[in-house]
Amino acid sequence: MRVLVVGGTRFIGRHTVKELLRRDHEVALFHRGQTPNPFGDRVTELLGDRQDRGSVERALEGQRFDGVVDIAYAWSSRTGAREVSHMVDALTPPPERYVYLSSVSVYGDGPLPLREDGRRDPSLGAYSEDKIAAEDYLFEQQKRGRLSVSMVRPPFVYGPWNDIPRETWLWDRILADRPVILPDEGRTLFQWAAARDVAWGLAECLQNPEADGQAFNIAEAEPVTHAEFIDRLARVAGKPVEKLPVSRKRIHELGGSSMGSSMYFGATLDAETDFSVSIEKAQKILGFRPTDPKEGLAEAFRWYLANDRGRMPKFTFDKKVLGR
Ligand SMILES: NC(=O)c1ccc[n+]([C@@H]2O[C@H](COP(=O)([O-])OP(=O)(O)OC[C@H]3O[C@@H](n4cnc5c(N)ncnc54)[C@H](OP(=O)(O)O)[C@@H]3O)[C@@H](O)[C@H]2O)c1
């Protein structure tokens, strides 16, 4: 298949391109060119900005694709239905399948584990709103007979090339023999997905006839508590870890935030409410088999050691909270 990847140069996209090449697809990347293409001449590069309809039209003029995997999300300017429509309208003839990387943040609260047919809730913030609007736009194109679409909805994604400070942020503390702050007692449940599994899901949805018009959660089989996750990271690193419970009230009084310099538990990882998703549908329909977390984290840790050290932080906010 000739496949267009929208994005593809940073983290999940990079795993996806690797997976598509492994499956012998011919791959073209559409991105702005602000990050380098890590695949050299194994892929074609089409440069443009998805926020700008004219730019997309110019980059895709005369190009034909059998499949599209749409990954890029522009945080500052937001990527929703309008930006997805720029891609869809510029694709003539339409591809056989348009696979969209959505997120579990489309779900509202509901019985756990959350399932694909559960209630979606756009009131949870701009990101959820954009993902739901993009999904709705694509499902509408499917209904009109214009496109065949599939959605992949992962929770927190980890793995080599992760450019969001999450597992690496926590390993920074473990490797520096620093205590890890546990919001309250660290009992909140959350769920992860290995980047290579998300890549597998996106590539599989392109080709699998059963994926037509469907959304799939792609994640590890089970959720873990915050505390258990820290233990997992420490085991993979072969180090002991001291976990120090601190009340969220105290953390927030001190100015703790989910991102930036006052981060206390890895980017956007903390939540007071439990969260888990079912992967039964992907297992049944796509034959999805999640990576063993031990194996996936070991791979991520090897990458972290080889690529992500030498910028050891000063732990300023940790010291403010813990007094040491
Ligand atoms: N990380 C998670 O835990 C998680 C969980 C669920 C869903 N997701 C989804 O994963 C996606 C992002 O993954 P990633 O960053 O790892 O993907 P990626 O495809 O590896 O990297 C982002 C790509 O988007 C391109 N890009 C950014 N803005 C663009 C624009 N305006 N026009 C064209 N290209 C643009 C970037 O290249 P240039 O900078 O060169 O343009 C880069 O190639 C998002 O859709 C996000 O919602 C992530």
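What to note about this one:
- Of the residues S276, S257, ranked by 1.4 Å probe accessible area with the largest first, the sequence reads S257, S276.
- A simple rule links phi to the HN-Hα coupling: the Karplus curve 6.51 cos²θ - 1.76 cosθ + 1.60 with θ = phi - 60°, which for the range 195-200 gives 4, 5, 6, 5, 4, 4 Hz, with x for Gly and Pro.
- Solvent-free Debye scattering, log10 I(q)/I(0), computed from the Cα coordinates of the chain at q = 0.10 Å⁻¹: -0.59
- Using heavy atoms of the protein chains and a probe of 1.4 Å, the accessible area assigned to F156 is about 40 Å².
- In the chain, the calculated helix contribution to ellipticity at 222 nm averages -10000 deg cm²/dmol per residue, counting -39,500 (n - 2.57) for every DSSP H run with n ≥ 4.
- By a 1.4 Å probe calculation restricted to protein chains, I12 has an accessible surface near 30 Å², given to the nearest 10.
- Highest-fluctuation residue, D24, D121, D41 considered, GNM on the chain with Cα pairs under 10 Å: D41
- Residues whose amide H comes within less than 5 Å of that of I218, counting only those at least five positions distant or on another chain, are R153 (H built at 1.01 Å from N in the peptide plane).
- Of all DSSP-defined beta bridges confined to the chain, some 10% are antiparallel rather than parallel.
- Ranking by accessible area, most exposed first, for R10, R289 with a 1.4 Å probe: R289, R10
- Axis of helix 293-307 versus longest Cα principal axis of the chain: the two differ by about 90°, to the nearest ten degrees.
- Residues whose amide H lies under 5 Å from that of V277, counting only those 5 or more places away or on a different chain, are L114; hydrogens are built 1.01 Å from N in the peptide plane.
- 0 to 90° range, to nearest 10: angle between helix 226-237 axis and the chain longest Cα axis: 90 degrees
- Accessible surface, 1.4 Å probe, highest first, among residues W303, W75, W171: W75, W303, W171
- The chain: angle of helix 126-143 to the longest principal axis, Cα-based, in degrees nearest 10: 30 degrees
- Overall, the accessible surface of the range 38-173 at a probe of 1.4 angstrom is composed of carbon and sulfur to the extent of 50 percent.
- D52 accessible area, assembled protein chains, probe 1.4 Å, Å²: 70 Å²
- Solvent exposure of the chain, expressed per residue, is 45 Å² of accessible area, with all protein chains present and a 1.4 angstrom probe.
- Each residue of the range 208-222 was assigned a 3J(HN,Hα) from its phi angle through the Karplus curve 6.51 cos²θ - 1.76 cosθ + 1.60 (θ = phi - 60°); the sequence is 7, x, 6, 7, 4, x, 10, 10, 9, 6, 10, 7, 5, 5, 10 Hz, with glycine and proline shown as x.
The values are calculated or read from the model by the stated rules, or taken from the named source; none is laboratory data. Owing to the predicted nature of the structure, the values given are computational and were not obtained by experimental measurement. Each accessible area value is taken on the protein alone, full model and side chains, heavy atoms only, with ligands, DNA and RNA left out. Shrake-Rupley method; radii C 1.70, N 1.55, O 1.52, S 1.80 Å.
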